[in-house]
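Structure first, then comments.
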Amino acid sequence: MVEPTVPVNEPVMASGSLSPDVPAAEVERLVARVEPASFRPILARCLSGTVSPQVALMQMVCESESAAVVRAAIDEVTARTDADSRATDSIVRDRVDDLTRILVDHEDGVDRIVDMLRSNVDTSAPAATVEEGVAFCERLFDWSVQQSEEASVAMYSLGSPDLLGRATDEVVAQLERWGMLGPERTVLQIGCGIGRFERALAGRVRAAYGIDVSTEMVRAARRRCAGLTNVHLEKCSGHDLGLFEPERFDLVFAVDTFPYLLQSGPELVERHFAEAHRVLKPAGDFVIFNFSYRGDLEADRADVRRLARAHGFAVVEDGVQPFALWDGAGWRMRKVGD
C-alpha cells in the first residue's frame, strides 16, 4: 500500500517524460527553509520537473502523515513564487499552481490516505519468514482495499479514479510500445489488485488473467471486470504460480508487486522468477514495474540482472522510467532458456 519509491533525502532519476528544465538555483531559492526540511528535496524534484505533482504530494503525505503540514508547505512555496517577478519562474509558477489545484481537488482522498497511514496497519519491516510475509500482505490488502480501492493499489492516485485511470493508461501504452499486447496474446498479472489492468487490457489481448493473495482485492476486481468474458481473476497462495500449467502465457507482468515479495523474503522473489519462466511460452515476456521500494535503482538493476541470468531471462529494458505521472521503474525480460 505505502509506496516510498524514493527516499526523500536522495536524488531521483528523471522519468522518461520528465526531465529537469528549471535551473537548480531557482528551485533552491523557492524551497529553502520550507518546513519540515524533509519536504525540500521532494518539492525541488517537483518544481524542477523530475517528478509529477501527484507523486510529490504522495511522498509529502507519506513523510508527514498530515494533510495540514502538506498544505502549509505548499502555501509557503506559493507565497514565495507569487512574490518573485522573475520571468524565468513561469514554469515553476505553473507547477506550484498544479500542486495547489491537485491538493484542493483531491482533499478528501488525501485525508483518507492520512488516516490509512496513521492506522499503522502497514510496515516496511522485512518479514521473519515467507509465510508471515504472505499472511501480512493478505491482511494488509484485505484491509486497504476497503479503505480506498484506488489508493490501495496506487497511493499516488490520491484515491482518485481519474488519476488512477491516467496512470493505468500510461502503463498500458508502454506495454503497447514494447509490443507486449495483441489479439493473439494471453497475459498474466501477478498481484492484480482491483483489476484495473485486466479491465484495460481486455480489448487488447486474447485473455487477461490476474491473481492476487487478497480475497478482498479479487472480489473488487471481479466486480469491476464483470461482463468481460476474457478476463479471469483468481485468489492465489502468494507462494508460486501453481494455478497454471507450463508454457501458458505470452506475457507475465507485475506492477508494484515485487516490493512486497521482496519484503516477504528473497527466496519468494527467486521462486517467482522461476515460476514466471515455467509458465511463459518460449520467448515469452516478463515485465516488472518497481522491483523494490528501497530507493536504490542501481541496486535494483543489479538484482534483476542477477535473477534474470539465474532463471533463463535476457534483460531487454533495464530499470527504465518512461512515465509522466508515475515514477515507477520498469524491466522487460525475455525467456531464453529451459
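Within the chain, no helix built from a complete DSSP H run reaches 30 Å or longer along its own axis (Cα positions) while carrying a mean Kyte-Doolittle hydropathy of 1.0 or higher. Just one of (i) 1.00; (ii) 1.32; (iii) 1.12 is Cα Rg over 2.2 N^0.38 Å calculated from these coordinates, so which is it? From the options (i) 1.00; (ii) 1.32; (iii) 1.12, the structure gives (i).
Looking at region 222-338, the accessible area is 39 square angstrom per residue; that uses a 1.4 Å probe and ignores ligands, DNA and RNA.
With a cap of 16 neighbouring Cβ atoms within 10 Å, and only residues DSSP puts in a loop, list the trypsin sites (Lys or Arg not before Pro) found in region 168-207. Passing both the DSSP loop test and the Cβ count: Arg204.
Using only the Cα atoms of region 149-306, build the gyration tensor, take square roots of its eigenvalues as a ≥ b ≥ c, and label the shape rounded, prolate or oblate: rounded if a/c is under 1.5, else prolate if a/b is larger than b/c, else oblate. Since a/c stays below 1.5, the shape of region 149-306 is classed as rounded. Taking packing as the residue-averaged number of other Cβ atoms within 10 angstrom, the listed peptides 323-334, 113-124, 68-79, 46-57 run from highest to lowest as 46-57, 323-334, 68-79, 113-124.
With all protein chains in place and a 1.4 Å probe, the accessible surface of the chain carries 50 percent carbon and sulfur.
The values are calculated or read from the model by the stated rules, or taken from the named source; none is laboratory data. Only a predicted model underlies this, so the values are computations on that prediction, with no experimental measurement involved. Here Cβ is always computed from backbone atoms with ideal geometry, including for glycine, and neighbour counts include all displayed protein chains. All accessible areas refer to the heavy atoms of the entire protein, side chains included, with ligands and DNA or RNA removed. Shrake-Rupley method; radii C 1.70, N 1.55, O 1.52, S 1.80 Å.
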